[in-house]
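Below you'll find the structure, written out as structure tokens, and then a few comments.
The values are calculated or read from the model by the stated rules, or taken from the named source; none is laboratory data. The shown structure was predicted, so the numbers you read here are calculated from the model rather than taken from an experiment. For neighbour counting, all protein chains shown are included, and Cβ atoms are generated from backbone atoms with ideal geometry for every residue, glycine included. Surface accessibility is based on the protein's heavy atoms, side chains included, excluding ligands, DNA and RNA. Shrake-Rupley method; radii C 1.70, N 1.55, O 1.52, S 1.80 Å.
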Amino acid sequence: ERIGYIAFTKKAANEARSRAAERFGFTKDDMPYFRTIHSLAFLQLGMRPGSLLQRENYKELGEILGIEVSGYSTMEDGVLQGMPLGDRYFFLDNLSRITRKPLRTIYEDYGDDEIDWYELDRVSRTLQQYKQKHKLLDFTDMLEHWLKVGVAPKLDAEIGREHV
């Protein structure tokens with residue numbers, strides 16, 4: 001319980017947990033900090049499940065905006081081809097926030113002919129209004145809030161994938 005392995009994906013966190021359990025005889029309860037960065041932030045902030053945007057929220061936003069949204073896209077690899085247009089708009093909005101680059105810069109750098117600047121701006125503003133109205137956070141909001149609050153577990157060791 002004093003060792004942390006923080007990953008970006010559930011697959012990586014689960015793999016590390018399985019390897020540590022096999023190699024060192026740990027149980028899942030022995031490793032509460034073998035998790036994704038998002039689940040750690042969720043845990044440390046004491047959040048409740050209904051406080052995060054869900055697939056249904058993105059689908060509702062798509063209906064409000066009049067664009068197709070799957071709500072399933074994880075976009076972990078950054079590949080947008082084949083995704084509904086709405087998912088690509090949300091991805092670019094999030095990319096702007098996580099890179100701390102202006103949305104216009106992200107739009108210009110990405111170079112997707114199907115993405116319209118004015119529509120991207122409208123999607124971004126509508127998303128922010130929706131989250132405020134419904135008191136919801138997305139994963140990026142949650143991480144930003146966690147950084148401001150500064151609550152982190154007290155660990156003796158943090159390990160990387162090369163150690164497990």
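Observations on the model:
- Counting only protein heavy atoms and using a 1.4 Å probe, the accessible area of ILE64 comes to about 100 Å².
- The chain, accessible area per residue, ligands and nucleic acids excluded (1.4 Å, Å²): 64 Å²
- Per atom type, the chain shows carbon and sulfur on 50% of its accessible surface, probed at 1.4 Å.
- Total lysine pairs whose alpha carbons fall under 20 Å of each other in the stretch 21-161 (8 or more apart, or interchain): 7
- Exposure of SER124 as accessible area (Å², to 10), given a probe of 1.4 Å and all protein chains: 20 Å²
- For the chain, a Gaussian network of Cα nodes joined below 10 Å ranks GLN54, GLN44, GLN132 by mean-square fluctuation, and the top entry is GLN132.
- Given 10 as the ceiling on other Cβ atoms within 10 Å, longest exposed-site-free region of the chain for GluC sites (Glu not before Pro) in DSSP loops: 1-75
- Relative contact order of the chain, taken over Cα pairs closer than 8 Å and 6 or more residues apart, is 31 percent.
- Helix-only mean residue ellipticity at 222 nm for the chain, each DSSP H run of n ≥ 4 adding -39500 (n - 2.57), per residue, nearest 500: -16500 deg cm²/dmol
- Cβ-Cβ distance of GLU60 and GLU108, R₀ of 22 Å, FRET efficiency by 1/(1 + (r/R0)^6): the value works out to about 0.15.
- Positive end of the dipole of the stretch 1-136 (Cβ unit charges, origin at the Cα centre): among ALA12, PRO49, ASN94, the Cα lying farthest that way belongs to PRO49.
- Top of ASP93, ASP116, ASP138 by mean-square fluctuation, Gaussian network on the chain, Cα under 10 Å: ASP116
- ASP116 long-range amide H proximity, modeled H, under 5 Å: none
- Separation of the GLU144 and GLU22 label points, Cα + 7 Å toward Cβ, nm: 4.0 nm
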